[in-house]
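Working notes, beginning with the structure itself.
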Amino acid sequence: MKADPGYFGPNSMMWKVNKEITVLFGGARALLMHAAHPLIAAGARQTSFYQRDPWKRLIRTLSLQNSVTFGTKAEADESAHRINKLHEVINGEDEVTGGFYDALDHEQLLWVHACLQISSIYFYEKTVKKLTDEEKNKYHEENSLAAEMVLVDRNLIPKTHNELKDWVIKKSREEGYLVNTDVAMDVYDIIGGGPVPKHIKPIWPFIAFTAFNTLPKEFKDIYGIKSSKITQYVVGFNLFILKFTRPFLPPFFRLIAPARWAKQRITKSPNLRFSDKANY
């Protein structure tokens, strides 16, 4: 029996980038970027998910990406459908800005998608290797399929990765687009010192420190983060060390569990389900 490689497969840019353990850095950074958007924050406030289970909220930021990347087509479709159904009931008037939030709003969906993509690419280049524009645009093209699966309007997605990054920065500079809300500060506190699983706890301070200090300036201003030249040097040096040592690490320390599971499914166990091995 031949294993279903899913929507992308082992030779795709999605597999290449999303398999790295440093996706956790990107997830933490993206979560901070999401929460700085007041309407995204309003949806989170409605569900109270950050307060109830902050670690699970971070993992869910990455879980759809992982199931779409590494799961079978049926598993990817199921995950997207589940997220879309959940989003149907998340809407209302934001108590902070008075704006209307809707988890199915195309621009709000695009914001969530874009922040995770640019953060994932950022940390891949900092900890693995530089990507060519062609490689980044290939990832962008593939990841746009994941965006469509969660109902992002394809016509709203910028044509290239760099244009997507520019869109995020342009939006973040609009007056009132980013707001320091109670949810934003909850997320800040959770990333900075919230409860995390024991197996990730030893490296979490480094992940948090790096996520905070690699945010674009507009987001640092919202959170009141002051990054000195010394801090930036420390971050850069630590990422360089991680990049240098990475090739010598065994897969268990270098690749996320869903990626290791997917390789096993493709090469040895075609009946293996994503839910069997998808935990971090």
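What follows is calculated from the coordinates using simple rules that are stated; it is not laboratory data. Treat the numbers as computed from the prediction; the structure is a model and nothing was measured. Every residue, glycine among them, receives a Cβ derived from its backbone with ideal geometry; neighbour counts consider all protein chains shown.
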Seminar exercise, completed: By Cβ neighbour count within 10 Å, fewest first, Arg254, Arg173 rank Arg173, Arg254
Seminar exercise, completed: On the formula 1/(1 + (r/R0)^6), with r taken between the Cβ atoms of Thr160 and Lys268 and R0 of 30 Å, the FRET efficiency rounded to 0.05 is 0.20
Exercise. What's the Kirkwood radius of the chain in Å, using all Cα pairs?
Worked result: 19.2 Å
Exercise. So how do Ile203, Ile230, Ile256 line up by other beta-carbon neighbours within 10 Å, fewest first?
Worked result: Ile230, Ile203, Ile256
For this session: Let me have the 222 nm mean residue ellipticity of the chain computed from DSSP H runs of 4+ only, each contributing -39500 (n - 2.57), with the sum over all residues rounded to the nearest 500.
Result: -19500 deg cm²/dmol
Seminar exercise, completed: Checked against the positive end of the charge dipole of the chain (+1 on Cβ of Lys and Arg, -1 on Cβ of Asp and Glu, about the Cα centre), the farthest of Ala262, Ala208, Gly98 is Ala262
Problem set entry | Peptide ranges 257-264, 13-20, 73-80 listed from the most packed, as the mean C-beta count within 10 angstrom indicates | 13-20, 257-264, 73-80
Exercise. For the chain, with only Lys/Arg (+1) and Asp/Glu (-1) charged at the beta-carbon, what is the dipole magnitude about the Cα centre, in debye rounded to 20?
Worked result: 1660 debye
For this session: Would you mind ranking Phe237, Phe206 so that the residue whose beta carbon has the fewest other beta carbons within 10 Å leads the list?
Result: Phe237, Phe206
Exercise. Under DSSP H, which helices of the chain have Cα atoms covering 30 Å or more of the helix axis and a Kyte-Doolittle average no less than -1.0?
Worked result: 106-127
Seminar exercise, completed: For Lys2, counting only lysines whose alpha-carbon sits under 18 Å away and dropping same-chain residues fewer than eight positions off, the answer is Lys73, Lys263, Lys268
Exercise. At a Förster distance of 22 Å, what's the computed FRET efficiency of Glu125 paired with Asp77, Cβ-Cβ distance as r, to 0.05?
Worked result: 0.10
Exercise. How would you order 112-121, 159-168, 125-134, 207-216 from highest to lowest mean count of nearby Cβ atoms within 10 Å?
Worked result: 112-121, 207-216, 159-168, 125-134
Problem set entry | Cβ-derived FRET efficiency at R0 22 Å, Met185 paired with Gln232, nearest 0.05 | 0.40
Seminar exercise, completed: Two pseudo-spin positions, 7 Å from Cα along C-beta at Glu88 and at Ile203, lie apart in nanometres by 3.9 nm
Problem set entry | Gyration tensor (Cα) of region 137-246, equivalent ellipsoid semi-axes in angstrom | 27, 20, 17
